Amino acid sequence: MHRAAGDASTLLPPDALPLDAHDPASPWLLLPPETRDAFDALRAAGPPLADADVARPTLGVKCGCNDAFLVDVEPGDGPTAVVHAGDRVGRVERALLRPVLRGEDLARPHARDDAQGVASILWTHGDDGAPLPALPPLAARWLAPWRDRLPERAASRGARWWSLFSAAVAAAPRAGDCWADLARTPAPRLLGAGDPTVPLNTCYVAPCDDPLDARALAALLATPLVAAWLGALAEPARGGFRRHLAWTVALLPTPRDWRRARLVLAPALDVEPTARNAIVAAAFGLPLHRLAPLLAWDAGLAPAPRPPVRLVRERRHDAPTAIPAPIAPTRWRGPHARGHGAPC
């Protein structure tokens, strides 16, 4: 394992590797014993987010054809707006335009030049999440060049040709938290109730019915201690990046007495991140020193100069063999996959 101070190695028995010893498809955690003990201590301190009745992480909205739906909107007022995408310029009904949030906006918040205009999506759905029964004329004209292509999108399945997919997550804007699919830490963006921003499918989103829940969950996700816990579980990618998929965040432990803990966690969002560690540990009823090995291990990880390694056991030998690990999403959905698993 590659770390800032050099390569590290440790000898682990096979039964110490899986996250869930009873599930052969469970991901392996390559952690030294003291770090695994800290990881397990936090995991045992409360139910996973998927079972906590707080939020259900899910993938953002899918277009299936970004060229058709994603536009930059020029500043202005009035019932119509000037939009452009590449070399094309046109007008669209302003009521159908909503700002978008992409994974790169979260991972590199200052990468976009505001002079390009407001990145927006042509929102062709109603407040109930269903596609509009008909398009207004300017929107229909804008989408006309893709009229034959849009019904061929893989997720169309007979839907109206101007449909977006997974639109329910942004239909009636609720408070919630968004984070990038690919990032070194979750770095969540808190969206307030009524925020029209549409998270795209390079983001994950956890909508909450109560804005206080959303703020408390954002404080958790933005805490180095929680980022270290998720980093131990998340799929690795090149350059020290990780994939914080829905199933990964759905396994995040939450304090047992959530309604009480959120009163402490929500204000902690305004606290300096390292100071937030102690607040979060106390919310779980754990002393921070009990979890210190997890923080120390995560702090020592360095961007990998080559693809990460996974261990596989050969049939005829007891010793594990290292082979390059593919950078691809796992198909494991966690212990909740049976029946009501968290979306990927």
Among (1) surrounded by 14 or more Cβ atoms within 10 Å (Cβ to Cβ); (2) at pLDDT 95 or above, the one test that ASP105 misses: (2)
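Quick grid of which residues meet (1) surrounded by 14 or more Cβ atoms within 10 Å (Cβ to Cβ); (2) under 18 Å from LEU49 (Cα atoms); (3) at pLDDT 95 or above; (4) in the same structural domain as THR223 (by TED's automatic domain parsing):
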site	(1), (2), (3), (4)
ALA268	yes, no, yes, yes
ALA283	yes, yes, yes, yes
LEU288	yes, no, yes, yes
ASP298	yes, no, no, yes
Could you please let me know if PRO173 is within 20 Å of THR274 (Cα to Cα) and either in a loop (DSSP other than H, G, I, E, B) or of a type in the set (Ser, Thr, Tyr) (or both)? no
For GLY194, state whether it is modelled with pLDDT under 95, over 27 Å from ASP51 (Cβ atoms), outside the structural domain of VAL71 (by TED's automatic domain parsing) and in a loop (DSSP other than H, G, I, E, B). yes
Since GLY240 meets every condition but one in (1) buried (at least 17 other Cβ atoms within 10 Å of the Cβ); (2) under 25 Å from SER26 (Cα atoms); (3) touching a strand residue (DSSP E or B) at 6+ places or on another chain (Cβ under 8 Å), which condition does it not meet? (1)
Residue set PRO33, PRO79, PRO57; condition surrounded by fewer than 20 Cβ atoms within 10 Å (Cβ to Cβ) and either farther than 30 Å from ALA175 by Cβ or touching a residue at least 24 places away in the same chain (Cβ under 8 Å) (or both); output residue PRO33
Across (1) in contact (Cβ under 8 Å) with a residue 60 or more places away in the chain; (2) more than 16 Å from the chain's Cα centre (by Cα); (3) surrounded by fewer than 24 Cβ atoms within 10 Å (Cβ to Cβ), GLU235 clears everything bar (2)
Mind checking which residues of the range 13-24 are free of Cβ contacts under 8 Å to residues at least 24 places away in the same chain and either among the β-branched types (Val, Ile, Thr) or closer than 16 Å to ALA232 by Cα (or both)? ALA16, PRO18
Filtering the range 197-221 down to residues that are touching a Pro at 6+ places or on another chain (Cβ under 6 Å) and not assigned by TED's automatic domain parsing to the domain that holds TRP247, which residue is surrounded by the fewest Cβ atoms within 10 Å (Cβ to Cβ)? THR197
May I ask you to list the residues in the range 120-169 that are among the aliphatic types (A, V, I, L, M), in contact with a helix residue (DSSP H, G or I) (Cβ under 8 Å, 6 or more places away or on another chain) and not in a loop (DSSP other than H, G, I, E, B)? ILE121, LEU122, ALA139, LEU143, LEU150
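The values are calculated or read from the model by the stated rules, or taken from the named source; none is laboratory data. Fair warning: this is a prediction, and the values are worked out from it, not measured in the lab. Note that we place each Cβ from the backbone using ideal geometry, even for glycine, and neighbour counts take in every protein chain shown.
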